[in-house]
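**Student:** The structure is given below, and queries will be raised subsequently.
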Amino acid sequence: MELLGFGANGWGDEMARATLMTLTVSVCAFVLALVIGTLCAAGKLSRHKPLRIVLDIYTTLGRGIPELLIIYLLFFGGSGAVMFLARLFGYHGYIEINAFTAGVVAIALINGAYQTEVFRGAVLAIPRGQIEAALSIGMSDRLLFQRVLVPQVLRLALPGLGNCWLSALKETALVSVTGLVEIMRQAYVASGSSQKPFIFYSVAAGLFLLLTSISGFGFRRAEQWTGRGVRRA
Amino acid sequence: MDFRLMIESILPILGGARLTILLVTLSLAMGFVLAIITALIRRSRLTWLVRLVRVYVFAIRGTPLLVQIFLIYYGLGQFLWVRESFLWPVLEKPFWCAIIALTINTTAYGSEIIRGGLESVSWGEIEAAKSIGMSGFLLFRRIVFPIAIRQALPAYGNEVILMVKATSLASTITIMEMTGVANVIMAESYRPLEAFIIAGSFYLLINFIMTRIIQFTEWRLSGHLRPPELSLVATH
């Protein structure tokens, strides 16, 4: 028990800080993925065919290639890619992408591919008649988007988004391979120095379970809130 | 882009593909059987077993697979009694640890999918079977199970894809499957894109084949739902 204390001998404070890091990585990645998801869903629903094809390729790759492989690509290749882009703009210095940025971008790209499909499905689930009705009473595109699409997409996409958030949270564990000190990495370090791997990986599992149950509860509440106007049988 | 490096990485990564496929098929096969058993327990009246399965599903779905793999591979070795037990020859091998972790993982997700399928079987169908005297195992084998599986198949297809991707985590415990091999090539050559493209394409190919198998099974199981084929050419 002493091992988990908060003093100089215990790993309690380190584990707490690592939990914060896990949360930071997943929140940053999830928010970035929200942006990617909404934009790509809009693109997939547009009339622009080449754009739709490009986005189809993105969602297929993002959902069909292992997360770990994508993390390795960004970890080993992130700096090179950014420096290549910088050179196009005339900057020739050395730029390094740290483990945090590589991890956030990798998870955001993967999660964004899933969220694209969630948002696309939600928009398609809105009955066509409602959009026609809005147009028939003379709503502008913007007003239609604000009053008809957004409130319903929010409700319809929420269960899917909840799943995406849980995957993002669990995928942060994979970022530990790059050396970023989140829950898994900290558990690895602690079990190495204490020779008690079972205890520390159990603690890691417990922390993840805590985070996922709290967010599961939060999403259920949010679903109740967005569904407050829906009649139920 | 270094095409020579790309061509040179094909063979090693293809060698890793053997392990990837072995990991997927073994854990999916065992996981499927266990998923059916745990789903049936969830719907039974064995109160304590039901609770146990619920806790198990909750714990597995709420934690990352990486934690589960590390708990089995690194964690269990902490205990002397595990190291002295007859199971140690299995538990000290990374390959079997990966198989165990993947099976435990997919069983939990699969159990919920199959349970959903079992719940979709309507009362009318069960009553109809009972009315002609079917009961017990015959009722399950001929009526409940086929309907449930057909219903669960699309969701199970997604789980199969997730499992193909999940095998990449085996590389974290020294197993040289596709991602493990690709990682070594990336780290040694400092050219990550080449190995990524090769390994990524193989993963997409495996996933493509898997979805086709699932689609074919679905098609086979839903023959009665298809409209009868009309022969356009007169046969007589």
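The values are calculated or read from the model by the stated rules, or taken from the named source; none is laboratory data. All figures in this text were calculated on a predicted structure; none of them were measured in a lab. When we count neighbours, we look across all protein chains shown, and the Cβ atoms used for this are built from the backbone with ideal geometry, even at glycine. Only protein heavy atoms, including side chains, enter the accessible area calculation; ligands, DNA and RNA are left aside. Shrake-Rupley method; radii C 1.70, N 1.55, O 1.52, S 1.80 Å.
**Student:** Where is the GNM fluctuation largest for chain A (alpha-carbon springs, 10 angstrom cutoff): A:ILE36, A:ILE97, A:ILE137?
**Tutor:** Result for chain A, Cα springs under 10 Å: A:ILE137 fluctuates most.
**Student:** Under a 10 Å cutoff between Cα atoms, tell me which one of A:ILE95, A:ILE70, A:ILE110 has the largest fluctuation in the Gaussian network model of chain A.
**Tutor:** A:ILE95
**Student:** How crowded by other chains is A:56-68, given as the mean number of beta carbons from other chains within 10 Å of each beta carbon? Walk me through the intermediate numbers first.
**Tutor:** Values: counts 0, 0, 0, 0, 3, 4, 0, 5, 11, 12, 16, 5, 13.
What the average comes to for A:56-68 is 5.
**Student:** Helix A:49-64 versus the longest principal axis of chain A: what is the Cα-based angle in degrees, 0 to 90, to the nearest 10?
**Tutor:** The answer is roughly 30 degrees.
**Student:** Given A:PHE198, A:ALA113, A:VAL181, which one lies farthest toward the positive end of the charge dipole of the stretch A:90-205, if we put +1 on the Cβ of every Lys and Arg and -1 on the Cβ of every Asp and Glu?
**Tutor:** A:PHE198
**Student:** Determine which lysines satisfy two conditions relative to A:LYS196: a Cα distance under 22 Å, and not lying fewer than 8 residues away in the same chain.
**Tutor:** Result set, ordered by chain and number: B:LYS93.
**Student:** Here is a follow-up. What angle, in degrees between 0 and 90 and rounded to the nearest 10, separates the Cα long axis of helix A:99-124 from the longest principal axis of the Cα atoms of chain A?
**Tutor:** Roughly 30 degrees, rounded to the nearest 10.
**Student:** Taking the Cα centroid of the stretch B:159-236 and of the stretch B:1-65, what is the distance between the two, rounded to the nearest whole Å?
**Tutor:** The two parts, judged by their Cα centres, are 14 Å apart.
**Student:** If you place +1 on the Cβ of every Lys and Arg and -1 on the Cβ of every Asp and Glu, how big does the dipole about the Cα centre of the protein assembly as shown come out, in debye to the nearest 20?
**Tutor:** Numbers: 40 positive and 26 negative charges, 323 e Å.
Using only the charged Cβ atoms, the result is roughly 1540 debye.
**Student:** By the gyration tensor of its Cα atoms, with a ≥ b ≥ c the square roots of the eigenvalues, what is the shape of the stretch B:14-69: rounded for a/c under 1.5, prolate for a/b over b/c, or oblate?
**Tutor:** Working: a/c = 5.40, a/b = 1.93, b/c = 2.79.
Because a/c hits 1.5 or more and a/b fails to exceed b/c, the stretch B:14-69 counts as oblate.
**Student:** For chain B, rounded, prolate or oblate, judged on the Cα gyration tensor with a ≥ b ≥ c (square roots of eigenvalues), a/c < 1.5 rounded, else prolate if a/b > b/c? Let's see the in-between values first.
**Tutor:** Values: a/c = 3.13, a/b = 1.32, b/c = 2.38.
In terms of gyration-tensor shape, oblate.
**Student:** Related question: How about the stretch B:148-231: which chymotrypsin sites (Phe, Trp or Tyr not before Pro) there lie in a loop by DSSP and see at most 10 other Cβ atoms within 10 Å?
**Tutor:** B:TYR190
**Student:** Further question on the same structure: Give the aspartates and glutamates reachable from A:LYS170 as a straight Cα distance under 15 Å; neighbours fewer than 8 places away on the same chain don't count.
**Tutor:** Here the aspartates and glutamates satisfying the reach criterion relative to A:LYS170 are A:GLU67, A:GLU182.
**Student:** Now for a different question. May I ask you to rank A:HIS92, A:HIS48 by accessible area, largest first, using a 1.4 Å probe over the protein chains only?
**Tutor:** Working: A:HIS92 145, A:HIS48 105 Å².
Largest accessible area first, the list is A:HIS92, A:HIS48.
**Student:** For the pairing of chain A with chain B, what total accessible surface becomes buried, with a 1.4 angstrom probe, in square angstrom to the nearest 100? Provide the component values of the computation, followed by the final result.
**Tutor:** Values: alone 13870 and 14680 Å², together 25580 Å².
Approximately 3000 Å² gets buried when A meets B.
**Student:** Hey, any idea what % of chain B's accessible area is carbon plus sulfur with a 1.4 Å probe?
**Tutor:** Working: 8980 of 13170 Å².
Its accessible area is 68 percent carbon and sulfur atoms.
**Student:** Could you report the protein assembly as shown's accessible area per residue, 1.4 Å probe, as an integer in Å²?
**Tutor:** Accessible area per residue, the protein assembly as shown: 55 Å².
**Student:** Further question on the same structure: On the accessible surface of the stretch A:118-233, probed at 1.4 Å, how many percent belong to carbon and sulfur atoms? It would help to have the intermediate numbers written out before the result.
**Tutor:** Details: 3770 of 6290 Å².
The value for the stretch A:118-233 is 60 percent carbon and sulfur by accessible area.
**Student:** Average partner chain C-beta neighbours within 10 Å, per residue of A:126-138?
**Tutor:** That works out to 0 on average.
**Student:** Among B:VAL90, B:ASN105, B:TYR56, which residue has its Cα furthest toward the positive end of the charge dipole of the stretch B:1-149, with +1 on Lys/Arg Cβ and -1 on Asp/Glu Cβ?
**Tutor:** Value computed over the given set: B:TYR56.
**Student:** Using Cα springs under 10 Å in a Gaussian network model of chain A, which residue among A:GLY121, A:GLY192, A:GLY93 shows the largest mean-square fluctuation?
**Tutor:** A:GLY93
**Student:** Which of rounded, prolate or oblate describes chain A when judged by the alpha-carbon gyration tensor and an a/c cut-off of 1.5? Spell out each step's value before the answer.
**Tutor:** Numbers: a/c = 2.99, a/b = 1.48, b/c = 2.02.
Oblate is the answer for chain A, as a/c is 1.5 or above yet b/c matches or exceeds a/b.
**Student:** What is the helix-to-structure angle for A:12-44, meaning the angle in degrees between its Cα long axis and the longest Cα principal axis of chain A, kept from 0 to 90 and rounded to the nearest 10?
**Tutor:** 20 degrees
**Student:** Per residue of the stretch B:154-169, what does 6.51 cos²θ - 1.76 cosθ + 1.60 with θ = phi - 60° give for ³J(HN,Hα)? Whole Hz please, x for Gly and Pro, Karplus curve as stated.
**Tutor:** So the Karplus estimates, Gly and Pro as x, are x, 5, 5, x, 4, 5, 4, 4, 4, 5, 4, 5, 5, 4, 4, 5 Hz.
**Student:** Here's something else I'd like to know. Using a 10 Å cut-off around each Cβ of peptide B:183-190, what is the average number of partner chain Cβ atoms that fall inside? Show your work: numbers first, answer last.
**Tutor:** Values: counts 8, 0, 1, 6, 3, 0, 1, 3.
What the average comes to for B:183-190 is 3.
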